[in-house]
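For reference, the structure is listed below as structure tokens.
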Amino acid sequence: MPTSTPDALRDVSVIIVGAGFSGLGLGIQLRRRGETSFVILERADDVGGSWRDNTYPGVACDVPSPLYSYSFRTNPDWSRMFSPGQEIWDYLRAAAREEGLGPHLRFGAEMLEARWNENDHRWTVRTPQGEFYGDVLVAATGHLTDIKLPEVPGLETFTGELFHSARWNHDFPLAGKRIGVVGTGASAIQIVPQLAEIADQLVVFQRSAPYIQPRRDRVFSEAEKNLFRRDQRTVEEMREMLFWYNDSRFAARRLIDDYLAEASWQALSHLDKQVSDPELRAKLTPDYTIGCKRILLSDDYYPAIQRPNVHLEAAALERVEGSTAFSAAGEAFELDVLVVATGFETYDLPSSYRIFGRGGNALADHWSNGMQAYKSIATAGFPNLFLLNGPGTSLGHNSVIYMIEAQIDHLLAALDWRSAHDGRVLEVSSEIENAFAKRLDEGAAETVIIRGGCSSWYLDPRNGRATLSWPDFAHRFRDECAPFDPAAYDHGEQSAARA
Ligand SMILES: Cc1cc2nc3c(=O)[nH]c(=O)nc-3n(C[C@H](O)[C@H](O)[C@H](O)COP(=O)(O)OP(=O)(O)OC[C@H]3O[C@@H](n4cnc5c(N)ncnc54)[C@H](O)[C@@H]3O)c2cc1C
């Protein structure tokens, strides 16, 4: 048994696990409603989630910054249209501090295991700081958190410096070094222009060429920022306009011909404009339907690739021996540094192996055929457990914060209903969960993610299901989450909460 130090929040109404946008957003809303009986357990030593962990050079968001903030806490001070990662992290830290979350946060408090107790209908969460007890457990543990390393023979024997893009080694001086970047996804195309400036030589290992559209980033002028500070309506109007513009981009994913052609034209004409060498252009031209993998935004990736010190190796990294990296095309490169930008483990929530519901069943076992949840938030056999930003919430065309907020509203309505009904246990049935998952599968089957036929991190490699993505326009998710229907949660053994 872990030794527990005294903690006023060891026994609470709501245990939130994770202090990223999801966990903090829920914490802020609870505080604003005057709730005090909640704790936020975070395994790291600061808030911020993705934006604390991803500090690589060039890190920035890919949706316009007015959309990439809470609707209930907009930020007039974003420096530009696409905020740098550090600004987003600062925004989250300030939000946590100014909204009074400090006393509720526990750092170094990794949820090692969470168990539903059938006797008292409560959750017990074991952490290195001892056990916490709660009526309701909220897993806000993110899905781009646990890094994925490529399965490349000899990688671990690399004699140079090796790190993942989400675990950047800022202590290692990169200037003048021979650097390899593995991957050409969203992180890699932000990193490459930065490293190209300082590397002696830079090799980019590309397994598959991405579609890249113009980013159209720009600095917000002081006059604009003053206007945003003075007039909240301007911010609201801008958010509204940007939201609908972004949401319309989903039409391409639905394989609506005109939108697909437009999206493809935007990317390929961007490539034509920026790369004149036909041989290089051919290497950079994707060989799959646009939208099948994530569409990227950049104005400086193609120029960086054309610098004399940069080599695009249009083949995957195949093996490593000592300081030599071999590509699948048989080329060998002597390197001092390997930056692995190969993304995250996405087909399961990292926390699912640690959450045990009715009968001691692990969430990971419940999800052996792919993760799923009713309204992407509740799952059968796991009473009073709510998921934020879990299955069926990833977008690719709009801001995930919108999805998170829709779920938070649903969850708050559930908590209100619970309070008004003697703390009844909320649990969905398998039928309700499966029916919702079936609808999402059917929706996904109409999208390019499934029909495009390419491999991507949106797909569960075990069964080809697109379990991570919301297969529709983002605004429809809010419609989906808005009504809290207590009947849907009226499953299993019901009981009054402890006195
Ligand atoms: C480089 C990068 C760029 C991105 N750009 C965009 C973008 O432009 N637009 C967009 O919409 N989305 C983007 N995303 C997705 C981004 O993850 C989400 O927008 C959002 O930040 C998710 O917030 P979250 O709180 O749900 O998860 P996270 O930010 O992942 O936070 C989860 C938290 O839970 C903690 N945690 C996990 N397991 C445990 C445990 N067992 N015990 C205790 N704590 C735990 C983690 O340490 C972390 O702090 C990007 C992601 C990355 C990595």
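The values are calculated or read from the model by the stated rules, or taken from the named source; none is laboratory data. Since the structure is predicted, the reported quantities are computational estimates derived from the model, not experimental observations. Every residue, glycine among them, receives a Cβ derived from its backbone with ideal geometry; neighbour counts consider all protein chains shown.
What to note about this one:
- When we screen Glu131, Glu110, Glu118 for residues that are within 12 Å of the ligand (Cβ to nearest atom), under 30 Å from Phe386 (Cβ atoms) and acidic (Asp, Glu), the only hit is Glu110.
- Within the stretch 455-473, the residues that satisfy the criterion of being surrounded by 16 or more Cβ atoms within 10 Å (Cβ to Cβ) and within 27 Å of Ala209 (Cβ to Cβ) are Ser456, Trp457, Tyr458, Leu459, Asp460, Arg465, Ala466, Thr467, Leu468, Ser469, Trp470, Pro471.
- Every residue from the stretch 165-184 that is in contact with a Pro (Cβ under 7 Å, 6 or more places away or on another chain) and either of a type in the set (Phe, Trp, Tyr) or within 15 Å of the ligand (Cβ to nearest atom) (or both): Thr184
- Residue within the stretch 58-70 that is within 12 Å of the ligand (Cβ to nearest atom), surrounded by 23 or more Cβ atoms within 10 Å (Cβ to Cβ) and charged (D, E, K, R) present: no
- Test result for Leu468, touching a helix residue (DSSP H, G or I) at 6+ places or on another chain (Cβ under 8 Å), under 20 Å from Ala186 (Cα atoms) and modelled with pLDDT under 95: no
- Subset of the stretch 376-409 that is surrounded by fewer than 23 Cβ atoms within 10 Å (Cβ to Cβ) and farther than 22 Å from Gly49 by Cα - its residue that is farthest from the ligand (Cβ to nearest atom): Ala380
- Screening the candidates Arg31, Arg73 for the property of being assigned to a loop (DSSP other than H, G, I, E, B), among the basic types (Lys, Arg) and more than 12 Å from the ligand (Cβ to nearest atom) yields one hit, Arg73.
- Criterion applied to Leu137, Leu162 was being more than 16 Å from the ligand (Cβ to nearest atom) and either buried (at least 21 other Cβ atoms within 10 Å of the Cβ) or under 27 Å from the mean Cα position of the chain (by Cα) (or both), and the one residue passing it is Leu162.
- Residue match in the stretch 318-336 (condition: within 16 Å of the ligand (Cβ to nearest atom), aliphatic (A, V, I, L, M), in contact with a Ser or Thr (Cβ under 9 Å, 6 or more places away or on another chain) and at negative phi): no
- Selection status of Ser264, in a helix (DSSP H, G or I), under 28 Å from the mean Cα position of the chain (by Cα), of a type in the set (Ser, Thr, Tyr) and within 16 Å of the ligand (Cβ to nearest atom): no
- Complete set of residues in the stretch 170-196 that are crowded, with 24+ Cβ neighbours inside 10 Å and in a loop (DSSP other than H, G, I, E, B): Gly183, Thr184
- Phe38 being surrounded by 16 or more Cβ atoms within 10 Å (Cβ to Cβ), touching a helix residue (DSSP H, G or I) at 6+ places or on another chain (Cβ under 8 Å) and either modelled with pLDDT of 95 or more or farther than 17 Å from Ile408 by Cβ (or both): yes
- Condition check for Ala223 on (1) at pLDDT 95 or above; (2) crowded, with 19+ Cβ neighbours inside 10 Å; (3) not in a loop (DSSP other than H, G, I, E, B): one failure, at (2).
- Any hit, the stretch 356-363, residues being crowded, with 21+ Cβ neighbours inside 10 Å, touching a Ser or Thr at 6+ places or on another chain (Cβ under 8 Å) and within 28 Å of Val182 (Cβ to Cβ): no
- Residues in the stretch 471-489 that are modelled with pLDDT under 90 and more than 14 Å from Leu411 (Cβ to Cβ): none.
- Residue match in the stretch 11-21 (condition: without any contact (Cβ under 8 Å) to a residue 60 or more places away in the chain, more than 10 Å from the ligand (Cβ to nearest atom), among the charged types (D, E, K, R) and not in a helix (DSSP H, G or I)): no
- Within the stretch 34-55, the set of residues being among the acidic types (Asp, Glu) and either within 15 Å of the ligand (Cβ to nearest atom) or outside the structural domain of Arg418 (by TED's automatic domain parsing) (or both) comprises Glu42, Asp45, Asp46, Asp53.
A quick yes/no check of all residues on (1) in contact with a Leu (Cβ under 6 Å, 6 or more places away or on another chain); (2) without any contact (Cβ under 8 Å) to a residue 60 or more places away in the chain; (3) closer than 21 Å to Val14 by Cβ; (4) not assigned by TED's automatic domain parsing to the domain that holds Leu296:
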residue	(1), (2), (3), (4)
Gly322	no, no, no, no
Gly330	no, yes, no, no
Leu335	no, no, no, no
Asn361	no, yes, no, yes
Leu387	no, no, yes, yes
Gly396	no, no, no, yes
Tyr402	no, no, no, yes
Leu412	no, no, yes, yes
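- Restricting the stretch 140-155 to residues that are modelled with pLDDT under 95 and away from the ligand (no atom under 12 Å from the Cβ) leaves a set whose member that is surrounded by the most Cβ atoms within 10 Å (Cβ to Cβ) is Pro150.
- Residue match in the stretch 448-461 (condition: touching a helix residue (DSSP H, G or I) at 6+ places or on another chain (Cβ under 9 Å), within 16 Å of the ligand (Cβ to nearest atom) and over 30 Å from Asn75 (Cβ atoms)): yes
- Only one of the numbered conditions (1) in contact (Cβ under 8 Å) with a residue 40 or more places away in the chain; (2) in a helix (DSSP H, G or I); (3) surrounded by fewer than 18 Cβ atoms within 10 Å (Cβ to Cβ) is violated by Arg307, and that is (2).
- Residue check, Asp231 assigned by TED's automatic domain parsing to the domain that holds Lys177, without any contact (Cβ under 8 Å) to a residue 24 or more places away in the chain and more than 25 Å from the chain's Cα centre (by Cα): no
- Among (1) in contact (Cβ under 8 Å) with a residue 60 or more places away in the chain; (2) within 12 Å of the ligand (Cβ to nearest atom), the one test that Tyr353 misses: (1)
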